[in-house]
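Encoded as structure tokens, the structure appears first; notes follow it.
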Amino acid sequence: MINDYQMLSGLQKVAILFSVVGESLALSLIKGLSKTEIRKIRSTLRSMETVSFLVKKRVMEEFYFGFLAEQEETKEEGPIQPFEFLTDLNDEQMFALLDKEEPPVIAMILAQLDSDKKMLILNKLEPELKGQVLIELGSLDDIPLEGIIEVGARLKEKSTYLPRTADFSRGGAKEIADMLSDMASNEQERYMQTLQNENPELYAAVKTFFLTFDDIMEKFPEDSIRTMLNTVELDLLPIAFKGLDEEKINELKDMLPQKKQAMYNDDLAAKPQPKREVDGARKLFVDAAKQMEKDGTINLQDILSGGEMVE
């Protein structure tokens, strides 16, 4: 363990500063470091022995008083409020501001917030990061005042580039479902299977928005299917029905008007079809269902979520 402050080189002192406050904050405190110098600091930090608390304290005091001396001539009168800008940020902007920041910086921001907002942000963090931030919250006294001011100024600058609330993509189940609708059927199946294995809750949520041809065949009421059958060109129906069992195909044909039943192309139905052609024909049913929802005749979320339907 390193116990003798006098034996430290300048490079070791900077490395200790990096270890105490984190690299992001240290770089905001020490201006003008080249990439080579930063690599040397990282290498020194990795090779150093454990440093005693008293030595760390001496190092922090040295940097702290050095910062004060540099700023003495330009020191402003009155209290400095480096984090006043936080009051203008909504929750989403706050999460974006803290994204990719190191634990000491996140802890520093949390210390400025009321308890409700503090818990809201903490609960969004990954468990390991949350633990690190909680530890840092208890040791903010180790960070010099000048460091806090520097971080506040940097984050204030960063906040000016944050998008407004309306510019945020909320993501989530509906966005995933919309994305899937543009994929080929085999990609859809692969993605949904992965999602079901990795995150069953999200899979269930996506299923309430993600509509497939199979969903239409299995879950839609007969009158809705009959409407869709009449919106798709007659010659495309045998292609869309490829892969369905004979009983289901006959059931669908029976829903057609008598004239269309007589014109149904059984020869086309008997021939193998390229998968892309089948996918394209089936997508017409999906598009028709979405149009019916826009027209207000059905509610897709009710149907897909398993809500009871009345004929």
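May I ask you to sort Met119, Met217 by Cβ crowding, counting other Cβ atoms within 10 Å and putting the fewest first?
Met119, Met217
Pairs of alpha-carbon atoms within less than 8 angstrom and 6+ residues apart define the contacts here; what relative contact order does segment 211-304 have, in percent?
Details: 66 pairs, mean separation 41.6, N = 94.
Value for segment 211-304: 44 percent.
Multiply the residue separation of Lys156 and Asn299 by 0.36 nm, subtract the distance between their alpha-carbon atoms, and state the gained length in nm to one decimal.
Answer, rounded to one decimal: 47.0 nm.
Taking the Cα centre of segment 211-304 as origin, sum charge times position over the Cβ atoms of Lys and Arg (+1) and Asp and Glu (-1), and report the length of that vector in debye to the nearest 20.
Values: 14 positive and 20 negative charges, 65 e Å.
So the dipole magnitude of segment 211-304 works out to roughly 320 debye.
Ranked by Cβ crowding within 10 angstrom, fewest neighbours first, how are Thr227, Thr36 ordered?
Thr36, Thr227
Enter the angle in degrees (range 0 to 90, nearest 10) between the Cα long axis of helix 127-137 and the first principal axis of the Cα atoms of the chain, meaning the one along which they spread out most.
Approximately 30 degrees, to the nearest 10.
In debye to the nearest 20, how big a dipole does the chain give about its Cα centre with +1 on each Lys and Arg Cβ and -1 on each Asp and Glu Cβ?
Dipole magnitude for the chain comes out near 940 debye.
So for the chain, averaging the separation of alpha carbon pairs under 8 Å that are six or more residues apart and normalising by length, what relative contact order in percent results?
16 percent
What does the net charge come to around Met48 if you take all other residues with beta carbon closer than 14 Å to its beta carbon, with K and R at +1 and D and E at -1?
Here the count lands on +3.
What is the calculated FRET efficiency for Glu233 to Glu37, with r their C-beta to C-beta distance and R₀ = 51 Å, to the nearest 0.05?
0.15
Would you kindly state how much longer the chain becomes between Ser19 and Leu113 on full extension, computed as 0.36 nm times their sequence separation minus their alpha carbon distance, in nm to one decimal?
Stretched fully, the Ser19-Leu113 segment lengthens by 31.3 nm.
With a 10 Å Cβ neighbour count serving as the proxy for reagent exposure, in which order, fewest first, do Arg190, Arg58 appear?
Values: Arg190 12, Arg58 15.
Placing the least packed residue first, the sequence is Arg190, Arg58.
How high is the FRET efficiency from Ile135 to Gln193, r the C-beta distance, R0 41 Å, rounded to 0.05?
0.55
Between their Cα atoms, which of Lys130/Lys158; Lys40/Lys100; Lys100/Lys156; Lys40/Lys118; Lys271/Lys294 are more than 26 Å away from each other?
Lys40/Lys118; Lys271/Lys294, as the Cα separations exceed 26 Å there.
Under 5 Å between amide H atoms, partner at least 5 residues away or on a different chain: which partners does Ile2 have, H built in plane at 1.01 Å?
Those qualifying (amide H under 5 Å, at least 5 residues apart or on another chain) are Thr50, Val51, Ser52.
Values in this text are rule-based calculations from the coordinates and carry no lab data. Only a predicted model underlies this, so the values are computations on that prediction, with no experimental measurement involved. Cβ coordinates were reconstructed from backbone atoms using ideal geometry, including for glycine residues, and neighbour counts include every protein chain displayed.
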